[in-house]
Each structure stands twice: as C-alpha cells, then as structure tokens.
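Trainee: Please find one structure pasted underneath; my questions will follow.
The values are calculated or read from the model by the stated rules, or taken from the named source; none is laboratory data. Model, not experiment: these values are computed from the prediction. All Cβ positions, even for glycine, are placed from backbone atoms using ideal geometry, and neighbour counts span all protein chains on display. Areas reflect the complete protein model, heavy atoms only, side chains present, ligands, DNA and RNA absent. Shrake-Rupley method; radii C 1.70, N 1.55, O 1.52, S 1.80 Å.
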Amino acid sequence: FPEQAVNWDYTAARIRAAKEKNPEREIKILNLFGYTGAATLACMEAGATVTHVDASKGMVQWARENAAASNLAERPVRWLVDDCVKFVQREIRRGNRYHGIVLDPPAYGRGANGEKWILEDNICEMLECCARLLEPRGAFLVLNLYSMGLSSTLARTAVRQAFGAPRTEQYGELCFTDRAGKQLPLGTYYRFTR
C-alpha cells in the first residue's frame, strides 16, 4: 500500500510529538478496518499503544505475523477480530477515548458474524461514533475512502459534520505514482487534528 506511506508518516509524527511533550503519557490509537496492520505497525513503532480491529480473523493473524516480522511483537497492542461498528459502539458505552483513529473502511465488506458494511450507507454513523471516541484536544483522525463515488470534498463535509471544525486539516486524492511519474488515483483521504 505505497499510497498509504504519507498517512503512516502523519500518524507517526503526531505520536512522536505527543511523546516528546510527555514521555510517560500513553498514546492510544484505534485502527479500524486494520487489514494486514501496516498502519498499526507505524503507530506501534512511533510509541503508541494500538487497538487493531478487523472482522477477518485471517487479516488479524497476518497483522500479528507482520508485527513479529518487524520486531514489534512485544509492543503494546490489542488484536481484535470484531465488527468495527459494533466495537466502536461498545467503546462508547465503556467510556474509552483515543488520541488517534485510523479509519480505512472498504467500499463493501462483511462483519465477523456476516454483518454487511456498505461505505455509502454506513460511513456517517461510523464517523459519529468515532467523534465520541476521539479525545477532545490534540487528537487526530486519518480517513481513507476507496470508493470512486466519494470525493475528498464529501469526505471533508462528512467529517466536519461529525467532529466539528478541525484545528488543522488535509484532504485530497490517494494516488499511486509509477516509475514514469504517472499517477493512478485510488481513492481519497482526509486527515485532521483537533
């Protein structure tokens, strides 16, 4: 996922900055739809405690193997096979908060128990839930949308409706650049800090 490198740099920079301000502080990151764990590994390497959630047992196992192969297996992480929507709803009830959320939902998917995920139908509810889990100050969100029907402007609007006005924001197209410099658009991104 080379187009994600800028997001990994973004999350790592925010985690390191928070750790520099207060080295003893635990920086908690939630990685939803975590797939094979590249974002989780970037956050762990930067010093965060990560909760990695994906509905696929195979993907979570692969992410664990990637952590071991990257010499990060001993870092603090919770590996969870769960439906992301149900998980965030339970986290709200528990009163948990996170300093950063990485949200990388598929256009279409199935939950751990066969629940349907359709991006256009579910993204607003997911963002509203994430808004309740994100710390009110100094926290960040990274959102990727791999659906050609959703532009970065729509992503920005949806995030602002759920979270309010950000302190800083960046948004645009996720692209893969080949050796000749030609860009292939893959989706959109939106990043912000509170």
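Trainee: Which whole-number percent is the relative contact order of the range 51-138 (Cα, under 8 Å, 6+ apart)?
Mentor: Values: 93 pairs, mean separation 26.9, N = 88.
It rounds to 31 percent for the range 51-138.
Trainee: Separate question: Could you rank Cys124, Cys129 by how accessible they are, 1.4 Å probe, largest area first? Kindly include the intermediate steps, with their values, before the conclusion.
Mentor: Working: Cys124 65, Cys129 15 Å².
Putting Cys124, Cys129 in descending order of accessible area: Cys124, Cys129.
Trainee: In percent, what relative contact order does the range 1-150 have, based on Cα pairs under 8 Å that are 6 or more apart in sequence?
Mentor: Details: 255 pairs, mean separation 33.5, N = 150.
Once normalised by length, the contact order is 22 percent.
Trainee: Ignoring everything except DSSP H segments at least 4 long, calculate the 222 nm mean residue ellipticity for the chain; use -39,500 (n - 2.57) per segment, divide by total residues, nearest 500.
Mentor: My calculation for the chain gives -12500 deg cm²/dmol from helical runs alone.
Trainee: Now for a different question. Pick out which of Gly164, Gly34, Gly109 has the largest mean-square fluctuation in a Gaussian network model of the chain, springs linking Cα atoms closer than 10 Å.
Mentor: Most flexible of the set in this elastic network: Gly164.
Trainee: Okay, next question. Would you work out the relative contact order for the range 24-90, in percent, from Cα pairs under 8 angstrom that are 6 or more residues apart? Don't skip to the answer; put the middle values down first.
Mentor: On the way: 111 pairs, mean separation 23.0, N = 67.
Result for the range 24-90 is 34 percent.
Trainee: Also, I was wondering about something else. Points 7 angstrom from Cα along the Cβ direction at Arg167 and Lys182: gap in nanometres?
Mentor: 4.2
Trainee: Let me ask you something else. Can you list which of the trypsin sites (Lys or Arg not before Pro) found in the range 100-185 are DSSP loop residues with at most 11 other C-beta atoms within 10 Å?
Mentor: Numbers: sites: Arg110, Lys116, Arg132, Arg137, Arg156, Arg160, Arg167, Arg179, Lys182; in loops: Arg137, Arg167, Arg179, Lys182.
Qualifying residues, ordered by number: Arg137, Arg167, Arg179, Lys182.
Trainee: Would you grab the residues whose amide H sits under 5 Å from the one on Trp117? Only those 5+ places off in sequence or on another chain, please, with H modelled 1.01 Å from N.
Mentor: Gly109, Arg110, Gly111
Trainee: Check each of the GluC sites (Glu not before Pro) in the range 116-194 and keep only those in coil by DSSP with at most 12 other C-beta atoms within 10 angstrom; list them in order.
Mentor: Working: sites: Glu120, Glu125, Glu128, Glu169, Glu173; in loops: none.
Filter output for the range 116-194: empty list.
Trainee: Test of understanding: what is the full-extension gain from Asn71 to Thr153, defined as 0.36 nm times their sequence separation minus their Cα-Cα distance? Write out the running numbers ahead of the final one.
Mentor: Details: separation 82, 0.36 × 82 = 29.52 nm, distance 3.84 nm.
Net length gain for the segment: 25.7 nm.
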